[in-house]
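Quick notes on the structure that follows.
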């Protein structure tokens, strides 16, 4: 009969985003032992940072939360958060992977999220992990912490230990699935965006966090500059992407992401004008094109085909000028916006890891895992493999999961 | 209420700073007759839970009401600890006294205490009156049926066979390969499809675990997860199988642009598929070829983007260019849909080869000039704002994929949802291949138009999902849910009072209710299939006389809870 319960083989999944979570669950449910390693302090990856997801307009958090709970409760899955891979060596057909688990000054198993340390800390080093962390806990930023020890005294459960150090763990695994996802890349090398010149020029993930219903503004659309309501918002697509100076590829998710954000702005504040500057409005997927049609027609979101050549704060610092050519009408214009959201600067996270000199998977010229090159990089899913939305990431995660299993069965 | 134990967590003062536990204790023991009430400093962190559990065991009570933090914080951990100690999950009820009570009413301790008491009263009423669903367990048949032997179906069947599962692979036509075998090369690697398909076909031939049924037609599907019964005909022979899971990979069809862009009227206006056939025969000679995108897509009737047409046109344009370097090749598009890294690179490659891309507006589509042969194509170039006349001798219309006609039939048999066009619909983006029926998975272009590469990874992913259904050799109805431990049981009928009106059958979204005739009489009673029931409660709300009940949330317990909250 089928080897459902396989005690001899362990698998490592690097990255606890949606692709990693689903791959881990699939492997565990078919009887495999899985290690799930994530560099962040809690699982969920980038989806956890989203307020809403397209095309259903549901909260991102609920379905993710049920799957995170399943991962945390599954006896075959060992989760290592705040952990980084430091070394990979090969022995007897297995990989010995060394991970360094950062000191979690607040033990999340003991933190009851009462918030006393947060109130007590005079340096402002303690803050909540993130809105939806499961279970919720606090986090101490070691770079700000003054080691005063006030939090240790006030913690009722003794969860805080300022002297914790990083631990090294060595795992022996058969195969590694890379599901490391993406990071936002710094756009300041591109002069046209004037990054840092005005607080209301922000990237789309910053905007998502700023306007999140569970965030500090409770879904309010206000300006970072002075807390007032903006009159209009510009969403700039392909910022840093499809650009030979930075990321030559298309990040695939940003068109729909911008439409979703603009639509939620309209839903909450119908008087704010939203304008999307696009190159090709790539709405490939079930309901995506209809979603864009419905929202753009229905709520009066303006679409302009063109890539702004310059974005700069106006001398009064009140608002931001966007200089662009509408390539469908061939008209050049300068428009005044209160907020500018930059979309597209998503880079696979593995680029940075491999740059640091650790042995890692083979990457192609754009930083995505090249699964054809060698054995270590054969299995990957999500944004590490190719720009992908939630559904595609999950599919690739599952597909990588069955491929690692059948590879092991075939080897025998 | 003597058998209910109330556990209250102080949470190191987080709860009892606001809610005075002494008053709560007095009210509960005096007015509600609670004999055992235990207050602990913290239920989630080590120290107290052991003493609490020994106290519970001493008191002899059976049901436990926990007043602690929200299930989103550590409430579920507390419940899990109690379950680990041998208390039945359905006898535990969690009341959120921290996030939903003490914290948000910090400025009003009296109100918070009253709310806490109301919440506890509701919990007590719930625990007292709730009933329990009777369970049923079934064995999972260790076989999978895959419908369709295209790239998705082949990948699914092969992955399962390698995994060790017996697969029944049903194919409508006489040979496997699906739409891929009609195509000359596949993007983005530009490899011949025959070479691409070969390893799959070879392995299907070789392995004994895959049983291939060509020319098959499904006649009926009955049953539920783990125990489907499928009757089908293959090569005019009628067969029956009992798979434990079903994977739908039946693919899609290509839209024929009859009447659009003078298709059928001028000889050299052809579809993408006809071009593929010409490539296979090796007789494509064109001085100048024009591809027109979005023919019959992103329009009123089919307002969707079919995903694969832009890369397919780019692939074929490059092939024409490769065959004849002097050929002029134009792609007239409404936005080039090549998302991601691989396809964007593919698009750049086409640009560097000299393929010309012209963007047109939806409202001013290209016009084909000429009487019997194509003379030219006139198009308003939206980027330059000029009307261009392109001399051409071959026009290729890129048409979208449309759902198979028999999807409705299949969906009806399996009780699956189709989207507004007729493609199979998934339950949620986080679970993109799962349908609302457990044990039935969708992949490939039957779900949504995809390239062959994506179809293969979807097939593999669907195989993984099917394997995770099969890996539990025996399941019980109560544990069979996507979120283990969170199913609320299943609906129950009292046959004596059921009038057989059929309202419940009509509203059940999971096809779990059937009317059954009583032996020797002309009356009917409804019957619930416990494996199919998802405890949504629709049937309960339409039952005219309260015969249909959710035992865990029956009328009595719900009414009592409302009474306690507002009475």
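The values are calculated or read from the model by the stated rules, or taken from the named source; none is laboratory data. For clarity, every value in this text was computed on a predicted model and none was experimentally measured. Heads up, the Cβs are rebuilt from the backbone with ideal geometry, glycines too, and the neighbour counts pull from every protein chain shown.
Which of the following residues is more than 9 Å from chain B (Cβ to nearest Cβ) and crowded, with 21+ Cβ neighbours inside 10 Å: A:398, A:393, A:299? Quick ask: steps written out before the conclusion?
Details: A:398 fails: more than 9 Å from chain B (Cβ to nearest Cβ); A:299 fails: crowded, with 21+ Cβ neighbours inside 10 Å.
After ruling out the rest, the residue left standing is A:393.
In region B:544-559, what residues are crowded, with 17+ Cβ neighbours inside 10 Å, over 17 Å from residue B:135 (Cα atoms) and touching a strand residue (DSSP E or B) at 6+ places or on another chain (Cβ under 8 Å)?
The one that is crowded, with 17+ Cβ neighbours inside 10 Å, over 17 Å from residue B:135 (Cα atoms) and touching a strand residue (DSSP E or B) at 6+ places or on another chain (Cβ under 8 Å): B:547.
So residue B:437 fits all but one of (1) crowded, with 18+ Cβ neighbours inside 10 Å; (2) out of contact with any strand residue (DSSP E or B) (no Cβ under 6 Å at 6 or more places or on another chain); (3) within 14 Å of chain A (Cβ to nearest Cβ); what number is the exception?
Exception for residue B:437: condition (3).
Residue A:371 fails exactly one of the following numbered conditions: (1) under 19 Å from residue B:189 (Cβ atoms); (2) in a loop (DSSP other than H, G, I, E, B); (3) within 10 Å of chain B (Cβ to nearest Cβ); (4) in contact with a helix residue (DSSP H, G or I) (Cβ under 7 Å, 6 or more places away or on another chain). What is the number of that condition?
All conditions pass for residue A:371, except number (3).
Taking the criterion of being modelled with pLDDT of 90 or more, touching a strand residue (DSSP E or B) at 6+ places or on another chain (Cβ under 6 Å), under 19 Å from residue A:284 (Cα atoms) and assigned to a loop (DSSP other than H, G, I, E, B), would at least one residue in region B:247-257 satisfy it?
yes
Examine region A:3-19 for a residue that is in contact (Cβ under 8 Å) with a residue 12 or more places away in the chain, part of a helix (DSSP H, G or I) and in the same structural domain as residue A:384 (by TED's automatic domain parsing), and state whether such a residue exists.
Let us first name the residues in region A:3-19 that are in contact (Cβ under 8 Å) with a residue 12 or more places away in the chain, namely A:3-7, A:9-19.
Now narrow it down to the ones that are part of a helix (DSSP H, G or I): A:18-19.
Narrowing the set further to residues that are in the same structural domain as residue A:384 (by TED's automatic domain parsing) leaves A:18-19.
Scanning region A:3-19 turns up at least one residue that is in contact (Cβ under 8 Å) with a residue 12 or more places away in the chain, part of a helix (DSSP H, G or I) and in the same structural domain as residue A:384 (by TED's automatic domain parsing).
Take the residues of region B:303-320 that are touching a strand residue (DSSP E or B) at 6+ places or on another chain (Cβ under 9 Å) and facing another protein chain (nearest Cβ under 10 Å): which is farthest from residue B:188 (Cα to Cα)?
Going through the qualifying residues, I end up with B:306.
So residue A:255 ticks every box in (1) more than 11 Å from every other protein chain (Cβ to nearest Cβ); (2) touching a residue at least 12 places away in the same chain (Cβ under 8 Å) but one. Which box is left unticked?
Only one criterion in (1) more than 11 Å from every other protein chain (Cβ to nearest Cβ); (2) touching a residue at least 12 places away in the same chain (Cβ under 8 Å) is unmet by residue A:255, namely (1).
Looking at (1) within 14 Å of chain A (Cβ to nearest Cβ); (2) crowded, with 17+ Cβ neighbours inside 10 Å; (3) in a loop (DSSP other than H, G, I, E, B), find the lone condition where residue B:416 falls short.
Unmet for residue B:416, out of (1) within 14 Å of chain A (Cβ to nearest Cβ); (2) crowded, with 17+ Cβ neighbours inside 10 Å; (3) in a loop (DSSP other than H, G, I, E, B): (1).
(1) at pLDDT below 95; (2) in contact with a helix residue (DSSP H, G or I) (Cβ under 8 Å, 6 or more places away or on another chain); (3) at the interface with another protein chain (Cβ under 9 Å from one of its Cβ atoms): which one isn't true of residue A:363, the others all being true?
Against the list (1) at pLDDT below 95; (2) in contact with a helix residue (DSSP H, G or I) (Cβ under 8 Å, 6 or more places away or on another chain); (3) at the interface with another protein chain (Cβ under 9 Å from one of its Cβ atoms), residue A:363 comes up short only on (3).
Being closer than 18 Å to residue B:127 by Cβ, in contact with a strand residue (DSSP E or B) (Cβ under 6 Å, 6 or more places away or on another chain), more than 14 Å from every other protein chain (Cβ to nearest Cβ) and surrounded by fewer than 17 Cβ atoms within 10 Å (Cβ to Cβ) is the requirement here; does residue B:35 meet it? Quick ask: steps written out before the conclusion?
Details: closer than 18 Å to residue B:127 by Cβ: yes; in contact with a strand residue (DSSP E or B) (Cβ under 6 Å, 6 or more places away or on another chain): no; more than 14 Å from every other protein chain (Cβ to nearest Cβ): yes; surrounded by fewer than 17 Cβ atoms within 10 Å (Cβ to Cβ): yes.
No, not satisfied.
Residues checked against (1) part of a helix (DSSP H, G or I); (2) touching a residue at least 60 places away in the same chain (Cβ under 8 Å):
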site: A:199; (1), (2): no, no
site: A:216; (1), (2): no, no
site: A:228; (1), (2): no, no
site: A:249; (1), (2): no, yes
site: A:259; (1), (2): yes, yes
site: A:264; (1), (2): yes, yes
site: A:270; (1), (2): no, no
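Considering only region A:287-296, I want to know if a residue exists there that is within 14 Å of chain B (Cβ to nearest Cβ) and surrounded by fewer than 16 Cβ atoms within 10 Å (Cβ to Cβ). Spell out how you get there, then give the answer.
Taking region A:287-296 as the starting set, the residues that turn out to be within 14 Å of chain B (Cβ to nearest Cβ) are A:287-296.
Now restrict to residues that are surrounded by fewer than 16 Cβ atoms within 10 Å (Cβ to Cβ): A:293-294.
The answer is yes; a qualifying residue exists.
So residue B:335 clears everything in (1) within 38 Å of the chain's Cα centre (by Cα); (2) crowded, with 22+ Cβ neighbours inside 10 Å; (3) outside any helix (DSSP H, G or I) except one condition, right? Which one?
The single condition residue B:335 does not satisfy is (2).
Can you pull out the strands (runs of 3 or more DSSP E) entirely within region B:452-567 that have at least 2 residues that are over 30 Å from residue A:404 (Cα atoms) and more than 18 Å from the chain's Cα centre (by Cα)? Working first, answer last.
Values: elements: B:474-476, B:513-517, B:524-528.
Counting at least 2 such residues, we get B:513-517, B:524-528.
Scan region B:53-73 for residues that are out of contact with any helix residue (DSSP H, G or I) (no Cβ under 9 Å at 6 or more places or on another chain) and part of a helix (DSSP H, G or I) and report the count. Steps first, please.
First, the residues of region B:53-73 that are out of contact with any helix residue (DSSP H, G or I) (no Cβ under 9 Å at 6 or more places or on another chain): B:54-55, B:57-61.
Imposing the further condition that a residue be part of a helix (DSSP H, G or I) reduces the set to B:54-55, B:57-59.
Total satisfying the criteria: 5.
Scan region B:259-291 residue by residue and report those that are surrounded by fewer than 18 Cβ atoms within 10 Å (Cβ to Cβ), within 36 Å of the chain's Cα centre (by Cα) and farther than 30 Å from residue B:216 by Cβ.
Across region B:259-291, the qualifying residue is only B:260.
Please note which strands (runs of 3 or more DSSP E) are completely contained in region B:113-209 and include at least 3 residues that are within 28 Å of the chain's Cα centre (by Cα) and crowded, with 20+ Cβ neighbours inside 10 Å.
Numbers: elements: B:137-139, B:143-147, B:166-170.
Correct list: B:143-147, B:166-170.
Can you tell me which of B:442, B:396 is touching a residue at least 40 places away in the same chain (Cβ under 8 Å) and away from every other protein chain (no Cβ under 14 Å)? Walk me through how you get there before you give the answer.
Details: B:442 fails: away from every other protein chain (no Cβ under 14 Å).
B:396 is the lone residue from the list that is touching a residue at least 40 places away in the same chain (Cβ under 8 Å) and away from every other protein chain (no Cβ under 14 Å).
Which one of these is at pLDDT 85 or above and not assigned by TED's automatic domain parsing to the domain that holds residue B:164: B:542, B:483? If you could, list the steps in order and put the result at the bottom.
Working: B:483 fails: at pLDDT 85 or above.
So the residue among B:542, B:483 that is at pLDDT 85 or above and not assigned by TED's automatic domain parsing to the domain that holds residue B:164 is B:542.
Select from region A:320-367 the residues that are in a loop (DSSP other than H, G, I, E, B), free of Cβ contacts under 8 Å to residues at least 40 places away in the same chain and closer than 25 Å to residue A:258 by Cα and list them in ascending order.
A:327, A:328, A:329, A:330, A:367
Answer with yes or no whether residue A:159 is touching a residue at least 60 places away in the same chain (Cβ under 8 Å) and within 14 Å of chain B (Cβ to nearest Cβ).
Details: touching a residue at least 60 places away in the same chain (Cβ under 8 Å): no; within 14 Å of chain B (Cβ to nearest Cβ): yes.
Criteria not met by residue A:159.
Does residue B:358 satisfy the criteria of being within 14 Å of chain A (Cβ to nearest Cβ), outside any loop (DSSP other than H, G, I, E, B) and touching a strand residue (DSSP E or B) at 6+ places or on another chain (Cβ under 9 Å)? Don't jump to the end; show me each part of the working.
Details: within 14 Å of chain A (Cβ to nearest Cβ): yes; outside any loop (DSSP other than H, G, I, E, B): yes; touching a strand residue (DSSP E or B) at 6+ places or on another chain (Cβ under 9 Å): yes.
It is true that residue B:358 is within 14 Å of chain A (Cβ to nearest Cβ), outside any loop (DSSP other than H, G, I, E, B) and touching a strand residue (DSSP E or B) at 6+ places or on another chain (Cβ under 9 Å).
Considering only residues of region A:61-73 that are more than 18 Å from the chain's Cα centre (by Cα) and either surrounded by fewer than 18 Cβ atoms within 10 Å (Cβ to Cβ) or outside the structural domain of residue A:43 (by TED's automatic domain parsing) (or both), which is farthest from residue A:209 (Cα to Cα)?
Narrowing region A:61-73 to residues more than 18 Å from the chain's Cα centre (by Cα): A:66, A:69-73.
Those left that are additionally either surrounded by fewer than 18 Cβ atoms within 10 Å (Cβ to Cβ) or outside the structural domain of residue A:43 (by TED's automatic domain parsing) (or both): A:66, A:72-73.
Working: A:66: 22, A:72: 25, A:73: 28 Å.
Per the criteria, the residue is A:73.
Looking at A:92, A:73, which is the one that is at pLDDT below 90 and more than 11 Å from chain B (Cβ to nearest Cβ)?
Values: A:73 fails: more than 11 Å from chain B (Cβ to nearest Cβ).
None of the other options fit; the residue is A:92.
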